[in-house]
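K.L.:
Take a look at the following structure, please.
The values are calculated or read from the model by the stated rules, or taken from the named source; none is laboratory data. Everything numeric in this text was worked out from a predicted model, so none of it was measured. Here Cβ is always computed from backbone atoms with ideal geometry, including for glycine, and neighbour counts include all displayed protein chains. Note: accessible area is taken over every heavy atom of the protein model, side chains too, but ligands, DNA and RNA are not part of it. Shrake-Rupley method; radii C 1.70, N 1.55, O 1.52, S 1.80 Å.
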Amino acid sequence: MQRLDGGSAAPARYRGGIVALGNFDGFHLGHQAVVGRAIARARAKGRPALVATFDPHPVRHFRPDTPPFRLTTLDQRERLFGAAGADAMVVFGFDAGLAALSAEAFVAERLVGLLGVGGVVTGEDFTFGRARGGNVGVLAALGAAHGFSVDTVGAVMAEGAPVSSSRIRELLQAGEPAAAARLLTRPFAIAGVVQHGDKLGRTIGYPTANVALGSYLRPAYGIYAVRVRLADGRVVPGAANLGIRPSFDPPKELLEVYLFDWSGDLYGQMIEVDVIAYLRPEAKFDSLDALTAQMDKDCARAREILSA
């Protein structure tokens with residue numbers, strides 16, 4: 001799996017490929033259908049299969065003050081695309097230059113000129129180009145003019161509604177990670193480097209691995225049952241506080257993870273935290289004893305859920 005810069009010419013071995021084109025944030029069931037169609041077409045034609053995404057998300061470019069909303073980082077998307085069978089990921093850096101390209105110019109310069117696409121697969125609601133001037137109809141016409149195939153994939157339905165990244169975000173913000181996981185086909189996961197914190201958890205018997213939330217969507221603040229994937233590949237169950245730690249001053253937004261039956265130094269290491277179940281909202285406690293008693297209950301409940 002290779003990561004390609006969408007602003008540079010693709011290596012010869014990837015030219016003529018079938019490209020799944022979209023944002024694909026979250027890589028949920030709907031995205032998987034689009035990418036799966038591209039991979040199947042590529043294999044049938046003996047061509048490379050590529051997945052093209054945009055980073056930063058166009059929303060971040062046009063509305064920079066939008067609160068964090070990402071479901072996946074580029075690294076996570078790269079792993080997911082590779083696991084699905086893609087040969088390469090193309091990253092279109094979304095900046096003022098790309099935003100200014102018309103639909104026709106984007107196709108001619110980026111898809112045809114730099115990638116040499118043999119085919120493109122998108123979702124039926126895909127738009128592109130300056131002021132969203134292009135849609136799947138425009139893309140089909142441009143494909144015919146430039147000699148590449150265009151396929152569109154309809155919305156994937158689940159539990160009576162279309163699967164979408166916005167729907168998944170709403171579920172996570174409502175404290176329903178299990179429902180979000182059904183649409184993602186895996187738990188929502190936050191990856192980050194373990195950083196030094198205030199080390200207050202050590203004083204009450206609950207040392208934590210602390211990870212900044214970065215550009216990730218903020219799910220409902222609260223306590224969660226989690227599984228943690230360490231840098232060496234081990235997966236360790238645990239409980240986590242995601243939020244601002246109202247019992248401590250000053251408030252500080254963090255993901256703080258307590259790993260069950262584990263000890264060691266994780267500082268500076270990359271971990272990935274699967275958010276499994278929402279246990280309760282954050283709360284402020286009058287004493288450390290009260291906080292510790294509640295954490296004992298939270299961890300017992302998390303163990304029960306994770307062992308089920």
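K.L.:
Ignoring everything except DSSP H segments at least 4 long, calculate the 222 nm mean residue ellipticity for the chain; use -39,500 (n - 2.57) per segment, divide by total residues, nearest 500.
P.N.:
It lands at -8500 deg cm²/dmol.
K.L.:
About the Cα centre of the chain, what is the dipole size in debye to 20, counting +1 per Lys and Arg Cβ and -1 per Asp and Glu Cβ, all else neutral?
P.N.:
Rounded to the nearest 20 debye, it is 780 debye.
K.L.:
Over the Cα atoms of the chain, how large are the radius of gyration and the largest Cα-Cα distance (Dmax), in Å?
P.N.:
Gyration radius and largest Cα-Cα distance of the chain: 21.7, 71 Å.
K.L.:
Kindly sort ARG227, ARG132 by accessible area of their heavy atoms, largest first, with the probe set to 1.4 Å.
P.N.:
ARG132, ARG227
K.L.:
Take the alpha-carbon centre of segment 76-148, take the same for segment 239-308, and report the distance between them in whole Å.
P.N.:
Cα centroid of segment 76-148 versus Cα centroid of segment 239-308: 42 Å apart.
K.L.:
Suppose we keep just the DSSP beta bridges with both residues in the chain; what percent of those would be antiparallel, to 5?
P.N.:
Given both bridge residues lie in the chain, the antiparallel proportion sits at roughly 60 percent.
K.L.:
Using a 1.4 Å probe on the protein chains only, how many percent of the accessible area of segment 109-194 belongs to carbon and sulfur?
P.N.:
51
K.L.:
When ranked by the protection proxy of mean other Cβ atoms within 10 Å per residue, highest first, what sequence do the peptides 294-305, 234-245 form?
P.N.:
234-245, 294-305
K.L.:
Angle between the Cα long axis of helix 136-146 and the longest principal axis of the chain, 0 to 90 degrees, nearest 10?
P.N.:
With rounding to tens, the tilt is 50 degrees.
K.L.:
Report the relative contact order of the chain, percent, no decimals, based on alpha-carbon pairs under 8 angstrom and at least 6 residues apart.
P.N.:
Relative contact order, the chain: 17 percent.
K.L.:
With a probe of 1.4 Å, find how much accessible area the chain has per residue, and write the answer as a whole number in Å².
P.N.:
45
K.L.:
Pairs of lysines 8 or more apart, or on different chains, with alpha carbons under 23 Å: count those in the chain, would you?
P.N.:
Lysine pairs meeting the criterion: 5.
K.L.:
Here is a follow-up. In square angstrom, rounded to the nearest 10, how much accessible surface does TYR258 have for a 1.4 Å probe?
P.N.:
50
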